[in-house]
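The values are calculated or read from the model by the stated rules, or taken from the named source; none is laboratory data. This structure is a prediction, so every number in the text was calculated from the model and none was measured. Cβ atoms come from the backbone with ideal geometry, glycine included; neighbour counts cover every protein chain shown. In case anyone asks, the SASA skips ligands and DNA or RNA and just uses the protein heavy atoms, side chains included. Shrake-Rupley method; radii C 1.70, N 1.55, O 1.52, S 1.80 Å.
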Amino acid sequence: MAYRPLSLIPGITSSLFSDRFDRMDNLFSRLTGEQPLADSPAYNLLQQDETHYTLTVSVPGYHDNELDISVQNNQLTISGKRDESAHQDVQKGHWLHQGIRQNDFTLGFTLHNRVKVQSASLDKGLLTLKLEYEIPEEEKPQRISISNQSDDENRVIEHKG
């Protein structure tokens, strides 16, 4: 499984290059035997503010007990393994077309050591993870108040001698 760095800097994408990348990815996957990156679930990364992010992964048809989320050594791993016995009632008959991928998957990201997963939820086929980039107090910008020089000159200091 290839881990993707979860960059906090937005990437530049182009549908022209994306299509070509998908084709090359599939070709190299056939040669190497590894799962193509394009077979991994689609995901979005939203920056809400300076320290809060939302990672949304498309997992249509998966139940919460079929998904596993773990973080170890700054590696966020999201995996899905279909429980076919739970889905047999849906599969009465035969497929004429099956375009929604429902195969097992593992999606991995390398997180910065200050990024923490705050929560995870599953709703309408979307797995949403709330992430927080924790900035230590000593690294946060600090406001420095400016004293007014004229206040210091007009102040009288009494000295008893």
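List the pairs whose first member sits in the stretch 113-130 and is assigned to a strand (DSSP E or B), whose second member is acidic (Asp, Glu), and whose Cβ atoms are under 7 Å apart, counting only residues at least 6 apart or on separate chains? Between residues of the stretch 113-130 that are assigned to a strand (DSSP E or B) and residues that are acidic (Asp, Glu), the close pairs are LYS116/GLU132; LYS116/GLU134; GLN118/GLU132; LEU122/ASP64. Name the residues in the stretch 112-129 that are open to solvent by 60 Å² or more (accessible area, probe 1.4 Å) and farther than 16 Å from LEU67 by Cα, would you? Within the stretch 112-129, HIS112, ASN113, ARG114, LYS116, GLN118 qualify. Need the failing condition index for VAL90 against (1) open to solvent by less than 80 Å² (accessible area, probe 1.4 Å); (2) modelled with pLDDT under 95, just the number. Result: VAL90 passes all but (1).
Scanning the stretch 98-111 for residues that are exposed (fewer than 14 other Cβ atoms within 10 Å of the Cβ) and modelled with pLDDT of 80 or more gives ASN103, ASP104.
Name the single residue, out of those in the stretch 40-68 being outside any loop (DSSP other than H, G, I, E, B), of a type outside the set (S, T, N, Q) and surrounded by 14 or more Cβ atoms within 10 Å (Cβ to Cβ), that is modelled with the lowest pLDDT. By that ranking, first place goes to TYR43. Looking only at the stretch 73-84, filter to residues that are under 15 Å from the mean Cα position of the chain (by Cα) and under 30 Å from LYS140 (Cα atoms); which one of those is most open to solvent (accessible area, probe 1.4 Å)? Checking each candidate, the answer is ASN74.
Going residue by residue through the stretch 87-105, is there one that turns out to be closer than 25 Å to PRO136 by Cβ and either among the polar types (S, T, N, Q) or part of a loop (DSSP other than H, G, I, E, B) (or both)? Outline the logic, then answer.
So the first thing to find is which residues in the stretch 87-105 are closer than 25 Å to PRO136 by Cβ, and the list is none.
No - not one qualifying residue is present in the stretch 87-105.
When the stretch 131-161 is limited to residues that are modelled with pLDDT under 60 and part of a helix (DSSP H, G or I), the one that is farthest from THR110 (Cα to Cα) turns out to be ASN154.
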